[in-house]
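Below: the structure, in structure tokens.
The values are calculated or read from the model by the stated rules, or taken from the named source; none is laboratory data. Given the structure is predicted, the values throughout are model-derived calculations rather than measurements. All Cβ positions, glycine included, derive from the backbone under ideal geometry; neighbour counts span all protein chains shown.
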């Protein structure tokens, strides 16, 4: 009896309740949210600073390593947070298992594409872009 | 087996909308809107990196009255999701979870996101080459 109780406690400590995947999804949604508070404000500043200036200004700004690092961080956190949020919405409102599976797969693949495309674009512009 | 229409329990639509439920729903809705906006932001970066004429085309579309209306709504969605997201993070820390405080922070989110949206657009319109 004591043994099974200990195991239950251990599983809970590892975050493996009856749902098996524990609190990982919830936790990363919060981590990305906290990261996005300053990063979103940053992205808005960059967009305002380059608004109406064309791509030359964007390249000058992103040419600064600190600027491109923050912008890459924004893109990664945004894509990740987006996947986590949209997944919860799909889980809550799509009741047909096949449709739900397809939607979540699409959200995850789409999130990876958005993240990769964003990071490569920022680096491309930072490193001189297409002349 | 015959299909029977079973009595259903009352669902959300029969309840009078309250600030709490409206903000909760708006958080998800703004999250979906921001996901679309995030994809467009990455497309914008991708076209800037590619260096073709398509970047100018997208900028022209975003600069039209309809484009600016969308950008304005995205700005509001962004600030709303940001402010309400911070409200959620406080709740996660079990802070401000009394009914009176939930309403107080709710109204604060509505006012703050409206003020920040207007402020951002005042700055944006004052940028050279925008207005």
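Just one of the listed residues (B:58, B:71) is in a helix (DSSP H, G or I) and either surrounded by 19 or more Cβ atoms within 10 Å (Cβ to Cβ) or within 10 Å of another protein chain (Cβ to nearest Cβ) (or both), namely B:71.
Considering each residue of segment B:7-23 in turn, none proves to be in a helix (DSSP H, G or I), within 21 Å of residue A:111 (Cα to Cα) and touching a helix residue (DSSP H, G or I) at 6+ places or on another chain (Cβ under 6 Å).
Against the condition in a helix (DSSP H, G or I), in contact (Cβ under 8 Å) with a residue 24 or more places away in the chain, more than 17 Å from residue A:51 (Cβ to Cβ) and at the interface with chain A (Cβ under 8 Å from one of its Cβ atoms), how does residue B:38 come out, does it pass? Against the criterion (in a helix (DSSP H, G or I), in contact (Cβ under 8 Å) with a residue 24 or more places away in the chain, more than 17 Å from residue A:51 (Cβ to Cβ) and at the interface with chain A (Cβ under 8 Å from one of its Cβ atoms)), residue B:38 does not qualify.
Taken over segment A:102-131, residues that are more than 9 Å from every other protein chain (Cβ to nearest Cβ) and farther than 23 Å from residue B:30 by Cα amount to 5.
For segment B:84-94, the criterion of being part of a helix (DSSP H, G or I), closer than 30 Å to residue A:50 by Cβ and touching a residue at least 60 places away in the same chain (Cβ under 8 Å) is met by at least one residue.
Answer with yes or no whether residue A:58 is modelled with pLDDT under 95 and either over 17 Å from residue A:28 (Cβ atoms) or more than 9 Å from every other protein chain (Cβ to nearest Cβ) (or both). Answer is yes for this residue. Taking the criterion of being more than 11 Å from every other protein chain (Cβ to nearest Cβ), more than 22 Å from residue B:37 (Cβ to Cβ), in contact with a helix residue (DSSP H, G or I) (Cβ under 7 Å, 6 or more places away or on another chain) and surrounded by 12 or more Cβ atoms within 10 Å (Cβ to Cβ), would at least one residue in segment B:108-118 satisfy it? Within segment B:108-118 (the criterion being more than 11 Å from every other protein chain (Cβ to nearest Cβ), more than 22 Å from residue B:37 (Cβ to Cβ), in contact with a helix residue (DSSP H, G or I) (Cβ under 7 Å, 6 or more places away or on another chain) and surrounded by 12 or more Cβ atoms within 10 Å (Cβ to Cβ)), the answer is no, since none of the residues qualifies. Taken over segment A:89-110, the criterion of being assigned to a helix (DSSP H, G or I) and within 19 Å of residue B:11 (Cβ to Cβ) is satisfied by A:89, A:91, A:92, A:93.
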